[in-house]
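Engineer: So that we are looking at the same thing, I have put the structure below in structure tokens.
What follows draws every value from the coordinates through simple rules; no lab data is involved. Computed from a prediction, not measured in an experiment: that's the story for all the values here. Glycine also receives a Cβ, built like all others from the backbone with ideal geometry; neighbour counts cover every protein chain displayed.
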Amino acid sequence: MNHAKWIAHFQRNREHRPEPNWAAPFVLPESVLQPLRLSIAEYQLGDGGGPACLIAGDAEQFRSSSDAMRQIVDLWFAEEREHSRLLGCAVARIGARRVHAHWSFTAFLACRRAMGVRVELQVLLLVEIVSTVYYRLLRRHCPDPPLREMCSLILRDEAGHVAFHRDRLAAAGVSNWGLGGTLWELQFRLFGLAAAALLWLTHGRCLRALGAGRLEFCREIHRDLSRFVRRLGRTAQARTHPTMPAAQLAGQTA
Ligand SMILES: [Fe+2]
Ligand SMILES: [Fe+2]
């Protein structure tokens, strides 16, 4: 993996981040505000509001595999902390109360701690993919400009996080080819759907109140999971056949 590329990406991504105008006047009907308050407050806890680091028992082995990887992991989690800060501003803006514990967050942490760093990284990746759909729907349907601007900032970061995971997995020899790849893809999609179901269970009420439907949510989840698998295949193939033209690779993995 090209570590220098990712360090440069995270450093560059710190620039040009206009702060949403949190003081702008807003009018949102109470029917939307109530579920939105709960949802944003829970996300403020879940997205960088807890321990902003890898917490699996063997996490340090992965983080300390090289100085560059340590730097990348720390830069990645610094962005997660920033998400929590932005969401904290949104919590204050819409008059929500901060949440300090939630059963889904407790289960999320327990799962990450118990399973080892490889599983923790996949759990984080899947949460990032399904959260991308959440923020995208929020940005599409929420009429409040500062909240939409916040979603844009977070979506920009999450796109980088997902791409980093793709690169990391391809470098570790993971792809969707052959029997091993098919089995990997199957479990990836299954756990992805489980993460999506959990998200809909806890935040579906808010998304529905804003006008986002279940079908729209499912379509976006399916699209993002499929896109990740397809691009992983392409990245893995580009590593194996660095001289093959990009168009040919795209044809083989589309
Ligand atoms: Fe995040
Ligand atoms: Fe992330």
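Engineer: Sum -39500 (n - 2.57) across every DSSP H segment of at least 4 residues in the chain, then divide by the residue count to get the 222 nm mean residue ellipticity, nearest 500. Mind showing how you got there, number by number?
Structural biologist: Details: 10 runs with 191 residues, N = 254.
Mean residue ellipticity at 222 nm (helix-derived): -25500 deg cm²/dmol.
Engineer: Provide the per-residue ³J(HN,Hα) series for the stretch 148-157, in order, calculated from phi with Karplus coefficients 6.51, -1.76, 1.60 and θ = phi - 60°, each as a whole number of Hz, with x at glycine and proline positions.
Structural biologist: Each residue's phi maps through the Karplus curve to give 5, 5, 4, 4, 4, 5, 5, 4, 4, 5 Hz.
Engineer: So, one more: Classify the stretch 18-73 as rounded, prolate or oblate from the Cα gyration tensor: take a ≥ b ≥ c as the square roots of its eigenvalues, call it rounded if a/c is under 1.5, otherwise prolate when a/b beats b/c and oblate if not. Provide the component values of the computation, followed by the final result.
Structural biologist: Details: a/c = 6.66, a/b = 2.40, b/c = 2.78.
In terms of gyration-tensor shape, oblate.
Engineer: While we're here: From the square roots a ≥ b ≥ c of the eigenvalues of the alpha-carbon gyration tensor of the chain, which class results: rounded (a/c under 1.5), prolate (a/b over b/c), or oblate? Mind dumping the intermediate values first?
Structural biologist: Details: a/c = 1.69, a/b = 1.54, b/c = 1.10.
Taking the square roots of the gyration eigenvalues as a ≥ b ≥ c, the chain is prolate.
Engineer: Let me ask something else about it. Compute the helix-to-body angle for 3-12: its Cα long axis versus the longest principal axis of the chain, expressed 0 to 90° and rounded to tens.
Structural biologist: Helix 3-12 sits at roughly 20 degrees to that axis.
Engineer: To continue, here is another question. Would the stretch 1-99 count as rounded, prolate or oblate if I go by the C-alpha gyration tensor, calling it rounded below 1.5 in a/c and otherwise prolate when a/b exceeds b/c, oblate otherwise? Don't jump to the answer; show the numbers that get you there.
Structural biologist: Working: a/c = 4.23, a/b = 1.93, b/c = 2.19.
Oblate shape, in that a/c is at least 1.5 and b/c is the bigger or equal ratio.
Engineer: Could you give the length gained on full extension between Ala78 and Ser152, defined as 0.36 nm per residue of separation minus the Cα-Cα distance, in nm? Numbers along the way, then the final one.
Structural biologist: On the way: separation 74, 0.36 × 74 = 26.64 nm, distance 1.73 nm.
Gain on extension, Ala78 to Ser152, equals 24.9 nm.
Engineer: Right, next: Calculate, for Asp67 and Glu30, the FRET efficiency according to 1/(1 + (r/R0)^6) with r their C-beta to C-beta distance and R0 45 Å; round to the nearest 0.05. Working shown, then result.
Structural biologist: Numbers: r = 52 Å, r/R0 = 1.15.
The formula returns an efficiency of 0.30 here.
Engineer: Measuring from label point to label point, each 7 Å out along Cα→Cβ, what is the Glu60 to Cys111 span in nm?
Structural biologist: If labels sit at Glu60 and Cys111, their model points lie 2.6 nm apart.
Engineer: Can you compute the radius of gyration and Dmax for the stretch 132-214, using only the Cα atoms, both in Å?
Structural biologist: Rg, Dmax (Cα atoms, Å): 15.9, 47.
Engineer: Looking at the stretch 1-90, which GluC sites (Glu not before Pro) are in a loop (DSSP not H, G, I, E or B) and have at most 14 other Cβ atoms within 10 Å? Don't skip to the answer; put the middle values down first.
Structural biologist: Working: sites: Glu15, Glu30, Glu42, Glu60, Glu79, Glu80, Glu82; in loops: Glu15.
Answer by residue number: Glu15.
Engineer: Let me ask something additional. Fully extended, how many nm does the chain gain between Arg139 and Ala163 (0.36 nm per residue separation, minus their Cα-Cα distance)? Intermediate values should be presented prior to the final figure.
Structural biologist: Working: separation 24, 0.36 × 24 = 8.64 nm, distance 2.10 nm.
Going from the current span to full extension adds 6.5 nm.
Engineer: Here's another thing I want to ask about it. Using modelled amide H (1.01 Å from N, peptide plane; none on Pro or chain starts), what sits under 5 Å from the amide H of Met115, excluding residues fewer than 5 places away?
Structural biologist: none
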